[in-house]
1. Scanning for something modelled with pLDDT of 95 or more, of a type outside the set (S, T, N, Q), closer than 30 Å to A355 by Cα and touching a Gly at 6+ places or on another chain (Cβ under 7 Å), does segment 425-439 turn up at least one residue?
2. Hand me the list of strands (runs of 3 or more DSSP E) wholly inside segment 240-309 holding 1 or more residues that are closer than 27 Å to Y413 by Cβ and more than 11 Å from the ligand (Cβ to nearest atom).
3. Just to be sure, is E181 closer than 26 Å to L104 by Cβ and at pLDDT 75 or above?
4. Take segment 177-199 and flag every residue that is aliphatic (A, V, I, L, M) and under 17 Å from F38 (Cβ atoms).
5. Can you tell me which of G430, G474 is small (G, A, S), in a strand (DSSP E or B) and touching a residue at least 40 places away in the same chain (Cβ under 8 Å)?
6. Sort through I138, I147 and tell me the only one that's surrounded by fewer than 17 Cβ atoms within 10 Å (Cβ to Cβ) and touching a residue at least 24 places away in the same chain (Cβ under 8 Å).
7. Within the bounds of segment 184-191, is there any residue that is at pLDDT 80 or above, touching a Lys or Arg at 6+ places or on another chain (Cβ under 8 Å), of a type in the set (D, E, K, R) and not in a strand (DSSP E or B)?
Amino acid sequence: MVLDVTGHEPDSFTLPGLAAGSWRAFEAPVRPVDVASFRSGVTRLLVASDGSTTQLLEASFTGPLSIKVLRQTVTPSVHSTLKDPAQLLGLPAGAPVVSRYSALLDSRGTPVTLNHVVAVPDPDSPMGRIVTDPSYGIGTALASQRIEHRRQLISCGLADWPGALDPASAVVKTYLIWRGERPLMYIRELFNPDHVSAWTYEQPPPVATPDATRVHDYRLGSSDDEKQRLLAQTDLLRPAAAALFERLPLPEGARALDVGCGPLGVLDLMSEAVGPDGWATGLDTDERMIGWARESVAGLGLANVGLVHGGLPSPQVPDEGVDLTHCRLLLINNLRPEELVRAMAAATRPGGWVAAQEFDWASWQCDPPHPAWDRLKALIAEVFGGDVHVGARLPTLLRQAGVTQVRVAAHAYYWRPGDRYQTLLPHFAGLFHDRMVANGACPDTLHALTGALREHLAHEDTVVREALFVQAWGRKGATTRP
Ligand SMILES: C[S@@+](CC[C@H](N)C(=O)[O-])C[C@H]1O[C@@H](n2cnc3c(N)ncnc32)[C@H](O)[C@@H]1O
């Protein structure tokens with residue numbers, strides 16, 4: 001028998017701020033971690049506590065939480081593993097169990113926890129009624145109905161969070177709820193890593209080593225999430241990029257280079273700029289990015305675009321140099337922008353164009369201002385892996401590389417709640433969490449700052465002024481040497 005309170009049986013679920021998750025997310029294997037190994041005091045408290053997680057979460061930072069039951073079934077239990085929930089409840093194989101998948105949501109509807117409850121079906125007892133009532137979380141209902149019970153921790157550790165960059169990046173705990181002498185419920189709680197720090201003492205902190213090898217270290221990674229972010233950003237920046245290419249007239253059959261092309265970048269515009277007799281090449285040091293760029297180029301049918309895994313200098317560059325060398329959001333992620341711009345100029349023929357498009361974080365601010373914004377922005381800038389104000393330095397960088405007739409343009413953007421970029425700073429706070437901690441930041445402070453900032457950015461009156469998007473271009477002087 002399958003009773004489904006949601007009225008249907010979808011293969012997966014979707015929740016705001018979460019890549020579509022499959023039900024496996026509720027049962028993914030746990031990598032055991034000792035409670036004392038979690039660096040965050042809040043995490044240790046949540047994991048070790050034998051009280052209501054909902055109340056602890058609400059009191060610590062999230063504010064009021066609501067429950068959303070995603071699926072609820074009554075099925076015969078199957079004893080598959082040693083720690084099978086039904087077995088832990090002392091039920092024989094084949095006995096019916098209630099299985100409930102739910103999420104605790106914050107005020108914006110973002111999941112703070114994903115929960116799986118397995119319980120003995122007993123509609124006549126208060127405990128049994130709680131588990132089949134989709135309007136309350138278990139902890140809240142037990143507390144409000146003053147039902148005597150005790151919790152027994154079974155395991156804690158790390159497990160996958162749907163769509164997260166790294167595997168086993170979320171804290172998970174499993175426990176039994178006993179009433180008298182009987183265990184009546186098994187509960188597994190998986191905590192959103194944006195809310196509950198999963199950083200442990202077992203994980204060695206990444207060491208910031210500002211050496212030459214870092215030139216190729218793109219710290220935002222090449223996850224599916226980052227691919228989607230870059231493609232969305234490409235759409236956003238397309239009008240500005242198109243305006244730039246209009247300012248760079250190219251000869252018939254021109255050859256152009258895009259350094260750090262990402263999953264598409266400007267390759268479609270560059271293909272148009274070089275024309276059917278010309279040739280554009282996208283370079284990227286990340287193999288996955290090149291794979292995605294191949295898919296984009298094939299999908300758009302761009303017959304005059306080639307892709308090469310690697311950076312500059314590149315054997316793909318003809319001896320005489322190309323007519324245009326371009327980069328977008330490459331220098332901001334690199335510790336040696338001077339070297340890259342010099343390499344770009346070296347790849348360009350005398351008289352050819354060198355062009356760069358980069359952000360300058362100086363203007364990136366929310367209005368009304370908020371201290372959490374300033375603090376997080378400063379902490380992230382320290383570990384970003386490049387100069388976040390490099391946009392402002394573009395004219396000088398080009399001139400120092402022997403580029404002449406340098407021109408500059410800039411574009412500004414504003415966001416409001418609901419826009420993708422409204423929450424980019426807290427998104428970065430998640431991506432750079434471990435690096436900030438390795439740099440000395442306290443996980444609990446980061447957590448509190450991120451929570452407070454998300455709250456502020458969700459307010460209908462809060463707008464975000466984007467970092468200034470700066471474009472600079474010029475012609476390689478005849479005398480420039482590599
Ligand atoms: C922020 S992404 C920008 C992608 C693309 N230009 C765009 O505007 O969407 C930066 C890209 O540069 C690549 N990258 C980083 N350092 C590089 C280097 N030294 N040479 C070539 N590619 C590099 C990264 O792998 C990443 O794909």
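The values are calculated or read from the model by the stated rules, or taken from the named source; none is laboratory data. Everything numeric here is computed off the predicted structure, so don't read it as measured data. Methodologically, a virtual Cβ is constructed for each residue, glycine included, from the backbone with ideal geometry; neighbour enumeration extends over all protein chains shown.
1. No, segment 425-439 has no match at all.
2. The strands (runs of 3 or more DSSP E) meeting that bar are 255-259, 279-284.
3. no
4. Within segment 177-199, L190, V196, A198 meet the criteria.
5. G474
6. Exactly one of I138, I147 is surrounded by fewer than 17 Cβ atoms within 10 Å (Cβ to Cβ) and touching a residue at least 24 places away in the same chain (Cβ under 8 Å), namely I147.
7. no
Condition check ((1) in a helix (DSSP H, G or I); (2) buried (at least 19 other Cβ atoms within 10 Å of the Cβ); (3) not small (G, A, S)) across all residues:
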{"site": "V341", "(1), (2), (3)": "yes, yes, yes"}
{"site": "P350", "(1), (2), (3)": "no, no, yes"}
{"site": "A356", "(1), (2), (3)": "no, yes, no"}
{"site": "F359", "(1), (2), (3)": "no, yes, yes"}
{"site": "A372", "(1), (2), (3)": "yes, yes, no"}
{"site": "L376", "(1), (2), (3)": "yes, yes, yes"}
{"site": "I380", "(1), (2), (3)": "yes, yes, yes"}
